[in-house]
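The values are calculated or read from the model by the stated rules, or taken from the named source; none is laboratory data. Keep in mind it's a predicted model, so treat the numbers as computed, not measured. Every residue, glycine among them, receives a Cβ derived from its backbone with ideal geometry; neighbour counts consider all protein chains shown. The accessibility values were calculated without ligands, DNA or RNA, using every heavy atom of the protein model including side chains. Shrake-Rupley method; radii C 1.70, N 1.55, O 1.52, S 1.80 Å.
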Amino acid sequence: MKAPLTWLRSYCDPGLEAAALAERLSMTGTEVERVGRVGAPSGDGFVIGRVLAAEPHPNADRLRVCTVDAGQGESRTIVCGAPNVAAGQTVAVALPGAVLADGTKLRKAKLRGVESAGMILSEAEMEVGDDADGIVVLDGAGAGPGTALADVIAIAETVLDLEITPNRPDCLGIYGIARELHAITGAALAPAPWGDDAEPTGTDGVAALASVAVEVPELCPRFTARAFTDVIVGPSPLWLKARLTAAGQRPINNVVDITNYVMLLTGQPLHAFDLDLVPGGEIIVRTAAPGERMTTLDGVERSLDGESVVVCDRSGPTGLAGIMGGQVSEVSEGTTRVLLEVATWDGVNILRTSNLLALRSEASTRFEKQLHPDLAMRAQRVAAKLMVELCGARLAPGTIDVDSRPRSMDPLTVGYRPERADALLGMRIAPDRAGEYLDRLGFAVESDAGGALEVTVPADRRFDVVREIDLIEEVARVHGLDEHLPATLPGGGAVGGLARHQRLLRRIEDLLRDAGLDEAVTWSFVDRDRGGVPGLAERSPVSLHNPLSEEQAVMRTDLVGGLLAVAARNLAHGTDRVALFESGRAYLPERAPTGAAPLRGGFAGSRPAPVAEPHRIAAVLAGVGGRAGWRADDRPVDFYDAKGIVELVAAALGVDVGFAPTRRAFLHPARAAAVRVGGSGAGWVGELHPQLLERIGARSGAALELDLEPLLAGSAAGEEIYEDVTTHPAVAEDIAVVGDADLDAGTIRAAVLEAGGELLESAEVFDVYAGEQVPAGKRSLALRLAFRAPDRTLTDAEVEPLRARIVAALEATGARLRG
């Protein structure tokens with residue numbers, strides 16, 4: 001929101017310099033991003049002049065030699081190329097030494113042999129409009145020669161560039177910002193510009209000229225329309241052009257400029273129709289038919305969906321509700337009758353349609369924040385006065401007003417308890433002072449004998465202030481948190497802290513960094529084909545409605561894809577070893593609820609499917625697994641490097657993990673495993689497929705991705721368990737087990753641990769053999785068993801029954817002791 005300071009001060013002038021004003025606004029919740037300027041750097045050297053004579057240039061057909069009274073006691077000669085310059089005109093003059101808007105410092109100069117002591121200015125040179133062909137004529141300005149031009153028009157305008165938060169659409173209007181200044185400084189506030197209305201002078205009432213039918217009242221809570229006849233369309237006066245230009249709007253014609261001016265003043269958008277281009281004056285508000293098309297004012301033909309709201313005539317859409325009008329009923333130089341629409345639209349629906357069409361406007365920026373229906377007639381009154389004054393229009397008697405507002409938009413009264421406010425803020429604000437602050441902000445305040453306040457929320461804050469805490473916030477920020485809030489330490493002991501899952505997540509992240517992996521943070525937005533890596537996406541991804549680019553069109557369903565891209569980039573730049581991990585969320589679409597009813601105003605036009613956001617840990621190892629030294633050559637990364645990381649994480653969490661063969665298109669077909677916790681899937685680990693290794697430029701590589709939820713659910717960590725350190729030695733035994741080649745080691749190890757009971761401390765696989773000494777289709781696994789009791793040294797007699805139970809358990813799995 002750009003707020004020209006001269007315009008703002010016409011409603012509230014606290015007497016502060018621009019920088020101090022910006023600081024005060026920012027410190028009370030209305031952030032000023034920067035203080036800029038429009039026009040010349042200063043008003044020095046710019047004056048009002050009167051053309052005494054305008055004669056042809058002796059050496060140039062298109063130039064005229066003008067004698068100009070600039071008020072310094074003598075006339076001066078100025079050479080001018082404008083075709084409309086004439087004797088008797090009051091004009092804007094830049095004297096030698098003045099600095100123009102483009103930074104040019106004006107000097108005396110000879111033009112085709114005639115010395116020129118100044119410049120007669122055009123709109124473009126003053127930066128108050130686009131017209132560069134002719135000079136600005138100020139007849140009727142009421143100022144004599146030599147008067148500072150800044151006293152007539154803002155030749156050097158300071159502009160506040162404000163960042164308005166979504167909950168404050170009232171500050172998307174100049175008067176709303178002026179009210180904010182009034183509240184925070186106490187400076188006088190001018191009366192609201194919508195206090196007076198234009199007098200109807202038309203012969204036919206508005207009902208005879210137009211009609212409005214709203215078919216979707218839930219999406220259009222209010223639609224008002226007024227008709228004007230005998231409209232004269234032409235250029236706007238210079239003051240209006242200057243204010244629009246300073247606020248970032250391009251002047252077009254007086255009718256369109258009035259709608260833009262009123263929107264910037266009140267915060268309520270408007271739209272003007274050429275009434276003669278609306279068949280029968282009939283306006284229909286409805287949702288578009290799926291695939292229906294219309295051409296908006298920017299000349300783009302747009303395809304609509306069934307949730308977009310359109311304003312139509314009998315022939316079809318004439319405007320995209322709350323976003324942009326259509327070309328079919330655009331106001332032009334030949335317009336003589338105008339229908340002025342001021343409506344209220346459903347903010348969520350406007351935001352959805354704007355995103356769907358990738359079309360944003362000043363109007364949609366305001367409507368998507370949800371305006372109140374009461375604002376409509378404010379804008380109608382201001383616009384009507386300007387239409388009569390600037391266009392010579394006649395206002396038709398009456399207003400079409402289709403008001404279908406829901407009860408949620410009814411007036412709201414909220415209680416304010418001073419003692420509650422003091423307790424929350426930690427400082428005393430007297431009830432009468434709080435009431436004064438709220439009154440300045442436009443709230444209606446009544447107090448009872450106990451000092452409590454009953455506060456009626458104004459229409460333009462109806463959706464922002466709904467609870468007592470909102471009122472307390474308003475009082476506190478106007479009072480000045482930076483100036484008055486005491487700096488005190490919090491009472492009581494320490495508060496807050498990390499939840500169990502947060503502590504465990506940090507433990508994992510710290511562990512991986514300590515293990516030599518570098519943490520990476522990759523984009524959550526990815527391309528649809530995932531870089532061409534086959535089988536990487538687990539399911540159809542969540543698509544973005546308005547992506548930044550095609551390379552960031554969907555939400556990621558995994559983390560490893562981003563890590564592979566980072567690894568490829570590092571390897572391409574000469575890195576011989578990459579070890580990366582990422583901790584973040586994946587985004588997995590779930591099935592929409594069956595029988596879900598369409599949801600108007602949602603982003604997708606119907607009830608969106610829920611999205612699961614599991615937190616995951618992923619890692620990619622590529623290049624060399626160990627560096628070469630005098631004792632050994634470097635070695636490639638293999639499956640067991642990645643598996644070791646999984647086991648490291650599991651040990652830190654106190655989780656027993658199992659591994660089972662799996663297949664994924666981007667992993668080596670014989671060196672990949674699913675990770676399981678308590679029988680449930682918890683991720684995968686494996687060597688990268690040779691084709692993928694070639695793609696990323698690595699000679700070897702492995703990766704893993706783990707779901708955090710099953711790991712934490714099975715974790716014994718967080719609530720720490722302590723055990724005595726026993727001094728009794730363990731009884732170690734090695735066994736060799738022969739089983740089918742497809743019988744995985746995890747099944748054998750689980751059977752051994754279960755049969756060994758509490759005295760079996762560990763069972764680890766330390767060798768695997770397949771060859772001549774075992775039958776075909778079989779393999780031999782060697783396990784090292786450790787038996788230990790906490791209170792004694794076990795004897796062979798105590799271990800023997802356990803060993804027998806282990807043998808029986810192995811036979812139940814189809815395995816047997818070797819030999």
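Considering all projection directions equally, how large on average is the shadow of the alpha-carbon convex hull of region 250-357, in square nanometres?
Its average projected convex-hull area is 6.7 nm².
Quick one, which of [x] 38.6, 129; [y] 27.5, 88; [z] 30.9, 100 is the actual Rg and Dmax of the Cα atoms in Å calculated for this model?
Derived directly from the coordinates: [x].
Ignoring everything except DSSP H segments at least 4 long, calculate the 222 nm mean residue ellipticity for the chain; use -39,500 (n - 2.57) per segment, divide by total residues, nearest 500.
Helix contribution divided over all residues of the chain: -7500 deg cm²/dmol.
Would you work out which of Val526, Leu441, Gly679 lies farthest towards the positive end of the dipole of the chain? Charges go on Cβ: Lys and Arg +1, Asp and Glu -1.
Working it through, the farthest residue towards the positive pole turns out to be Val526.
With θ set to phi - 60°, apply the Karplus curve 6.51 cos²θ - 1.76 cosθ + 1.60 along region 5-16 and write out the HN-Hα couplings as whole Hz, x wherever there is a Gly or Pro.
With the stated coefficients, region 5-16 comes to 5, 4, 5, 4, 5, 5, 9, 7, 10, x, x, 9 Hz.
Which order do Leu544, Leu320 take by accessible area at a 1.4 Å probe, largest first?
The ranking, largest first, comes out as Leu544, Leu320.
Counting other Cβ atoms within 10 Å of each Cβ, which chymotrypsin sites (Phe, Trp or Tyr not before Pro) in region 655-743 have at most 13 and sit in a DSSP loop?
Sites meeting the loop and neighbour criteria: Tyr722.
Can you give the accessible area of Thr399, probe radius 1.4 Å, in Å² rounded to 10?
Thr399 has an accessible surface of roughly 50 Å² with all protein chains in place.
Find, among the trypsin sites (Lys or Arg not before Pro) in region 411-487, those assigned to loop by DSSP (not H, G, I, E, B) with at most 13 other beta-carbon atoms within 10 angstrom.
Passing sites in region 411-487 are Arg428, Arg467.
Assuming a ≥ b ≥ c are the square roots of the Cα gyration tensor eigenvalues, decide whether region 364-420 counts as rounded (a/c under 1.5), prolate (otherwise, with a/b larger than b/c) or oblate.
It comes out prolate by the Cα gyration axes.
If r is the Cβ-Cβ distance from Arg569 to Ile469 and R0 is 56 Å, what FRET efficiency results, to the nearest 0.05?
Using R0 = 56 Å, I get an efficiency of 0.70.
Does region 388-538 come out rounded, prolate or oblate, given a ≥ b ≥ c as the square roots of the eigenvalues of its C-alpha gyration tensor, rounded meaning a/c under 1.5 and, failing that, prolate meaning a/b above b/c? Show your work: numbers first, answer last.
Working: a/c = 3.16, a/b = 1.40, b/c = 2.26.
It is oblate, given that a/c is not under 1.5 and a/b is not larger than b/c.
Go through Trp523, Trp239 and list them by solvent-accessible area, largest first, probe radius 1.4 Å.
Of Trp523, Trp239, the descending order of accessible area is Trp523, Trp239.
Work through the residues other than Glu362 whose Cβ is under 14 Å from its Cβ and net out their charges, Lys, Arg +1 and Asp, Glu -1.
So the surrounding residues net to +2.
Express in nm, to one decimal, how much length is gained between Met427 and Arg818 on full extension, taking 0.36 nm for each residue of separation and deducting their alpha carbon distance.
In short, 132.6 nm is gained.
For region 211-283, with the dipole built from +1 on Lys and Arg beta-carbon atoms and -1 on Asp and Glu ones, taken about the Cα centre, which of Pro279, Pro217, Leu240 lies farthest toward the positive end?
Going by the Cα projections, it comes out as Leu240.
Given Cβ point charges of +1 (Lys, Arg) and -1 (Asp, Glu) and nothing else, what value in debye, to the nearest 20, does the dipole of the chain about its Cα centre take? Could the numbers behind the result be given before it?
Values: 81 positive and 115 negative charges, 238 e Å.
About 1140 debye.
May I ask you to give the average projected area over all directions of the convex hull of the Cα atoms of region 497-547, in nm² rounded to one decimal?
On the way: hull surface 25.0 nm².
Value for region 497-547: 6.3 nm².
Ignoring ligands, DNA and RNA, please state the percent of accessible area on the chain from carbon and sulfur, probe 1.4 Å. Each step should come with its number before you reach the end.
Working: 19070 of 38720 Å².
That fraction is 49 percent.
What accessible area per residue, rounded to a whole number of Å², is obtained for region 94-158 using a probe radius of 1.4 Å?
Numbers: 3120 Å² over 65 residues.
Value for region 94-158: 48 Å² per residue.
Which of the peptides 349-357, 278-286, 728-736 is most tightly packed, and how do the rest follow, going by the mean number of other Cβ atoms within 10 Å of each residue?
So the peptides 349-357, 278-286, 728-736, ranked by packing, come out 349-357, 278-286, 728-736.
Compare the Cα positions of Val47, Cys80, Met387 along the charge dipole of the chain (+1 at Cβ of Lys, Arg; -1 at Cβ of Asp, Glu; about the Cα centre) and return the one farthest towards the positive end.
Farthest towards the positive end: Cys80.
Treat every Asp and Glu Cβ in region 104-246 as -1 and every Lys and Arg Cβ as +1, leave all other atoms uncharged, and give the resulting dipole magnitude about the Cα centre to the nearest 20 debye.
Approximately 640 debye in magnitude.
Probe 1.4 Å, all protein chains in place: accessible area of Asp482 in Å², nearest 10?
Surface open to solvent at Asp482 totals about 80 Å².
Contour minus end-to-end for Glu647 and Asn167, with contour as 0.36 nm per residue of separation and end-to-end as the Cα-Cα distance?
This chain segment gains 167.9 nm when fully extended.
Considering the Cα trace of region 671-742, what is its radius of gyration and what is Dmax, both in angstroms?
19.2, 54
What is the Cα radius of gyration of region 71-226 over 2.2 N^0.38 Å, N being its residue count?
The value comes to 1.59.
How big is the accessible area of Cys80 in square angstrom, nearest 10, if you roll a 1.4 angstrom probe over the protein chains?
Looks like 10 Å² after rounding.
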